[in-house]
Ligand SMILES: C[S@@+](CC[C@H](N)C(=O)[O-])C[C@H]1O[C@@H](n2cnc3c(N)ncnc32)[C@H](O)[C@@H]1O
Ligand code: SF4
């Protein structure tokens, strides 16, 4: 029977593209951070919702979708900030409600992963929280400071290791073009330090982990949008973005040659869709990038790019 009660959402909601078919549950609203490029913190006062209300949403979802739910994603931009007892309680509730659910996923700022102990992360993982989407954005500390990310390369290394230790899958995103068009050296450092970060967190076993690159978009309302309006920030062009990504790929060198790192740069913001496994597919990815660099006509046009 389909219930006529509806699940609560505070729009716009924020979820990774890969969670498009998941049951989306509004555990938090907005975000506690203020990164210069991001819209997740705009027009929403941050809150962790009352758990009884979240449970009611899960009950409604159960009446509507029951056995069809395979994956659950707790909204919004950074649900890992939820105090551990609450996150544990709602993860347990969600996983026990849906017999075919395989996992719960959340967005997670590195600092909020680091605030949780190894035991707390393990408890969350055991309860069913099995994937965390972490916005690394860059491995370059100067750039991270510039965009007010409130995290460092070292934080990312430690957060990634903590997740892996707790058996929570890491899905990390970087942003190409983050330094703008005026500073070639910064673009180079962004690529090199990001590759170094990824090399350093490569696990020694063959578990799956995910590294994705988006290309910078500048949505209205963000600090970066203001900077662009004031000519304090100029966007990098498509070819330079591909060259930056090429430099990143060239510098990937894993100590574990059997690593299962799924690489994606096929988001709607990207100029050239790329998918592969690092570092196994390194040469093919570089070939594709070279082709894109020399054939501008095959690149996604600006009007088709989006977040
Ligand atoms: C909604 S955020 C959540 C990430 C999480 N709160 C964190 O900071 O770790 C998801 C990711 O989308 C990407 N993103 C957000 N705004 C973007 C923009 N304007 N251009 C390109 N990528 C963007 C960033 O990689 C960001 O980390
Ligand atoms: S990138 Fe993540 S931490 Fe930064 S404002 Fe957006 S959602 Fe919050």
- Note on the structure: In whole angstrom, the spacing between the Cα centers of the stretch 170-208 and the stretch 246-287 equals 11
- Message: From the helices alone, meaning DSSP H stretches of at least four residues, give me the mean residue ellipticity at 222 nm for the chain, per-run term -39500 (n - 2.57), in deg cm²/dmol to the nearest 500.
- Response: -11500 deg cm²/dmol
- Task: Calculate how steeply helix 51-65 sits against the longest principal axis of the alpha-carbon atoms of the chain, using the helix alpha-carbon long axis, and give the answer as 0 to 90 degrees to the nearest 10.
- Result: 90
- Query: How much space per residue, in cubic angstrom, does the convex hull of the C-alpha atoms of the stretch 114-211 take up?
  - Reply: 88
- Task: Could you state the angle between the C-alpha long axis of helix 118-127 and the longest principal axis of the C-alpha atoms of the chain, as a value from 0 to 90 degrees rounded to the nearest 10?
- Result: 60
- Ranked highest first by average number of other Cβ atoms within 10 Å, how do 73-80, 251-258 line up? 73-80, 251-258
- Message: How long are the semi-axes of the equivalent ellipsoid of the chain, defined as square roots of 5 times the Cα gyration tensor eigenvalues? Whole Å, largest first.
- Response: 33, 22, 19
- How far is the Cα center of the stretch 8-58 from the Cα center of the stretch 96-144, in Å? 15
- Message: Rounded to two decimals, what is the ratio between the C-alpha radius of gyration of the stretch 157-307 and 2.2 N^0.38 Å?
- Response: 1.07
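If you count, for each residue, the other Cβ atoms within 10 Å and average over each peptide, how do 81-88, 109-116 line up from highest to lowest?
Numbers: 81-88: 17.8, 109-116: 20.4.
Taking the mean over residues of other Cβ atoms within 10 Å, the ranking is 109-116, 81-88.
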- Message: Just to confirm the number: angle between the C-alpha axis of helix 153-165 and the first principal axis of the chain, 0 to 90 degrees, nearest 10?
- Response: 40
- Task: Would you work out the relative contact order for the stretch 120-167, in percent, from Cα pairs under 8 angstrom that are 6 or more residues apart?
- Result: 46
- Beta carbons within 10 angstrom, averaged per residue: use that to sort the peptides 188-195, 60-67, highest first. 188-195, 60-67
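Every read-out reported here was derived from the displayed coordinates using simple, explicitly stated rules and does not represent laboratory data. Source: prediction; values computed, not measured. So basically every Cβ, Gly included, is an ideal-geometry build from the backbone, and we count neighbours across all protein chains shown.
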